[in-house]
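A.B. asks: Structure incoming, see below.
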Amino acid sequence: MSSVYSNLAIRIAVVTIIPFVFYGVFIIFGNDVMDLLRMKDIIYFNWRNIPVLICMPWLAFGEMLFISSFFTRNQEIQPTLMKYTNYIGLVTSALFFLALLSGPIINVAFSFSSYHACSADGIFSGVYYVKDKSHCEKLTSAVVWE
């Protein structure tokens with residue numbers, strides 16, 4: 001009997017925590033991607049943002065699976081939803097690897113645009129792209145590349 005209650009407590013915890021994860025990811029990563037799409041004057045681009053955002057549909061599907069288990073008699077996941085798990089996993093995996101490839105392509109595209117890259121700490125860190133080179137000194141406290 002106690003395993004039933006612990007199973008229920010785990011499902012309730014997962015269902016309540018996942019929306020906070022969604023909100024945090026979209027606040028942290030979504031703003032950077034939206035600045036990129038809006039073509040603002042100052043853009044912070046980190047190539048790792050795109051694959052993380054691409055994985056959000058898989059997390060949403062997991063949330064639906066957990067919620068569906070509340071509405072069955074035996075407290076198990078709906079079999080109709082379970083049959084789509086492989087398809088959604090396959091699509092998310094394919095989009096994830098396409099997103100990994102798109103990160104460097106976006107960085108190269110910035111070099112051919114009207115944006116200027118500010119100096120970065122390393123290859124795996126994000127880069128500020130600005131339309132006016134004088135903003136680089138304020139953002140990164142580094143001397144502007146000549």
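Any read-out appearing in this document is the output of simple, stated calculations on the displayed coordinates, not a laboratory observation. Just so it is clear, the structure is predicted and the values come from calculations on it, not from any experiment. Glycine also receives a Cβ, built like all others from the backbone with ideal geometry; neighbour counts cover every protein chain displayed.
A.B. asks: Along the Cα→Cβ direction, 7 angstrom out, place labels at Val52 and Ser3. What is the inter-label distance in nm?
C.D. replies: It is 3.8 nm.
A.B. asks: Along the charge dipole of the chain, which of Gly103, Asn74, Ile12 sits closest to the positive end, that is, farthest toward it, with unit charges on the beta carbon of Lys, Arg, Asp and Glu (+1, +1, -1, -1)?
C.D. replies: Of the candidates, Asn74 comes out farthest on the positive side.
A.B. asks: Say R0 is 30 Å: what FRET efficiency, to the nearest 0.05, do Gln78 and Asn107 get from their beta-carbon distance?
C.D. replies: E(calc), rounded to 0.05, equals 0.10.
A.B. asks: Between Val14 and Ala117, what is the label-point separation in nm under the 7 Å Cα-to-beta-carbon projection?
C.D. replies: According to this spin-label approximation, the distance is 4.1 nm.
A.B. asks: Only four residue types carry charge here, +1 at the Cβ of Lys and Arg and -1 at the Cβ of Asp and Glu. Report the dipole size of the range 2-140 about the Cα centre in Debye, rounded to the nearest 20. Could the numbers behind the result be given before it?
C.D. replies: Working: 9 positive and 8 negative charges, 46 e Å.
That gives the range 2-140 a dipole magnitude of about 220 debye.
A.B. asks: Here's something else I'd like to know. Under a Cβ-Cβ limit of 4.7 Å, which cysteines in the chain have nobody to pair with?
C.D. replies: Cys55
A.B. asks: Hey, could you pull the Cα Rg and Dmax for the chain, both in Å?
C.D. replies: Radius of gyration, then largest Cα-Cα span, for the chain: 20.9, 71 Å.
A.B. asks: If you take the charge dipole of the range 2-140 about its Cα centre, with +1 on Lys and Arg Cβ and -1 on Asp and Glu Cβ, which of Ser114, Ile42, Leu90 is farthest toward its positive end?
C.D. replies: About the Cα centre, the residue reaching furthest to the positive side is Leu90.
A.B. asks: Using Cα positions and a limit of under 26 Å, work out the lysines in reach of Lys40, with same-chain residues fewer than 8 apart set aside.
C.D. replies: Lys131, Lys133, Lys138
A.B. asks: Please list the non-local residues whose amide H lies under 5 Å from the amide H of Lys131, H modeled 1.01 Å from N, same-chain partners needing a gap of 5 or more.
C.D. replies: Placed amide hydrogens put His116 under 5 Å from Lys131.
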